[in-house]
Each structure stands twice: as structure tokens, then as C-alpha cells.
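Heads up: the structure comes next, in C-alpha cells.
The values are calculated or read from the model by the stated rules, or taken from the named source; none is laboratory data. Fair warning: this is a prediction, and the values are worked out from it, not measured in the lab. Glycine gets a Cβ as well: all are built from the backbone with ideal geometry, and neighbour counts include every protein chain shown. In case anyone asks, the SASA skips ligands and DNA or RNA and just uses the protein heavy atoms, side chains included. Shrake-Rupley method; radii C 1.70, N 1.55, O 1.52, S 1.80 Å.
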Amino acid sequence: DFDWAAAAGGGKIGQVVQAVKTDTFTSAATSYTDLTGITVDITPSATSSKVLVLCSLTLAASVGGLPQLKLLRDSTDLGLGDTDGDRARVTTAFSISATSRIVSVPMIYLDSPSSTSALTYKVQGFGWNTNTIYVNRTEDDADEAYRQRGSSSITVMEVLA
């Protein structure tokens, strides 16, 4: 019998850490700011380990805004697009067409931190041009049965070499 797991080597999950945000957060910042509660710490057991980051965000923004998001390890930006002229480098972005809408924004990134120190993974964002970002709620947040409240999470998994 051939042992596929042994032949592949590595790839086992060493540890899993998750933060779940169920309350709301609003930011009208004009530059990148932490989305409160979308932060998690992990300490890899070996420098050869990778860290798989999975984010599931429930977001809204000012209608017509151009909200931008980035994933960070400590102060290092992760998964940004290439530089090209004046274009903004982001991990991802989204748009909203009505004050009653929220969207689900996923982010997935496999990081190679080469570290055994404590690491902080987090999401930052801003609405661009004085627009507002809303976490886990709609822009108008009306108290109606057809308006939504959601949750957001960030999960990190150590992938052993």
C-alpha cells in the first residue's frame, strides 16, 4: 500500500486560531485603519511553517464609495496588486449600490513568514474620498426585518512543512 500523506510530506495543520466579530464597527477614516475585531495572533512552531489566512467579512460602505481593503502581517502588507501608475494597491475592494445592502468579502492568502515569533494578522480598510466603511451592518442600519446584521471572521492556520 502506498501512503500518499507520507509521500507528500508536510502540509499538516499545526494550530488554528480564529477571531469572530459579531458586533458592528464604523470607520470614516481617510487612510487605512484597523477594522476592529478582525485581528488574530499566532506563533508558528517553525520558521519553515506557512500560515494560511482565511477572512470572511460582512461589509457595507457609503453608496458610491470606493472602499479598499488590505491584509497585513504585523505592519507588512500581504497580497497587494502590482504597482501601476497612480492606481491603489489593495488586497481587495468592493462597492455597494444601495444603503440597504451588505456584501460578503472573502480574503485568502498563504503566507511564508519565516518566523517563530508572535505574529498578528489583521485587516485594514478605508472608504476613500471621505466615504465610510461599515462592518457587519448596512449603511442605513434601519430597524426593519429586511435589513441585515452579519458577522466577520479571520482564521489563521499554521501549515507545517
At the level of C-alpha centres, the distance separating the range 108-123 and the range 9-60, in angstrom, is 9 Å
For P(r) over Cα pairs in 5 Å bins from 0, in percent, with candidates [x] 2, 9, 17, 19, 16, 13, 9, 7, 4, 2, 1, 0, 0; [y] 2, 8, 16, 18, 16, 11, 6, 5, 4, 5, 4, 3, 2, 0; [z] 1, 9, 19, 22, 21, 15, 8, 3, 1, 0, the value calculated from the shown model is option [x]
Taking the range 81-130, which trypsin sites (Lys or Arg not before Pro) meet the DSSP loop condition and have no more than 15 other C-beta atoms within 10 Å? 87, 89
Which one of 53, 99, 110 is farthest out on the positive end of the charge dipole of the range 47-120, using unit charges on Cβ (Lys, Arg +1; Asp, Glu -1) and the Cα centre as origin? 99
Under 13 Å from the Cβ of residue 21, count the other residues' Cβ atoms, weight Lys and Arg +1, Asp and Glu -1, and hand me the total. +1
Rounded to the nearest 10 Å², what accessible area does residue 149 show when all protein chains are kept and the probe is 1.4 Å? 150 Å²
How far apart, in nm, are the 7 Å Cα→Cβ label points at residue 146 and residue 17? 4.3 nm
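Which value, in debye to the nearest 20, describes the size of the charge dipole of the chain about its Cα centre when Lys and Arg Cβ atoms bear +1, Asp and Glu Cβ atoms bear -1, and nothing else is charged?
Dipole magnitude for the chain comes out near 60 debye.
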Excluding ligands and nucleic acids, what accessible area in Å² is computed for residue 30 using a 1.4 Å probe, to the nearest 10? 100 Å²
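When the chain is fully extended, how far beyond the present Cα-Cα distance does residue 46 get from residue 118, taking 0.36 nm per residue of separation?
Values: separation 72, 0.36 × 72 = 25.92 nm, distance 1.16 nm.
Full extension of this stretch gives 24.8 nm more.
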What translational diffusion coefficient, to the nearest whole µm²/s, does the range 80-161 have by Stokes-Einstein, given a Kirkwood radius computed over alpha-carbon pairs, a temperature of 4 °C and 1.567 mPa s viscosity? 81 µm²/s
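Around residue 55, with a cut-off of 14 angstrom between Cβ atoms, what is the net charge of the other residues, counting Lys and Arg +1 and Asp and Glu -1?
Details: positive: 21, 70, 73, 122; negative: 34, 111.
It works out to a net charge of +2.
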Run the simple label-point estimate for residue 29 and residue 109 please: 7 Å along Cα→C-beta, distance reported in nm. 1.5 nm
Taking 0.36 nm per residue of sequence separation and subtracting the Cα-Cα distance, how much length would be gained by fully extending the chain between residue 160 and residue 82, in nm to one decimal? 25.2 nm
In debye to the nearest 20, the charge dipole size for the range 93-161, taken about the Cα centre with +1 at each Lys and Arg Cβ and -1 at each Asp and Glu Cβ, equals 60 debye
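Placing +1 at every Lys and Arg Cβ and -1 at every Asp and Glu Cβ, with all other atoms neutral, what dipole size does the range 53-128 have around its Cα centre, in debye to the nearest 20? Can you show the working numbers first?
Details: 6 positive and 6 negative charges, 49 e Å.
Magnitude of the dipole: close to 240 debye.
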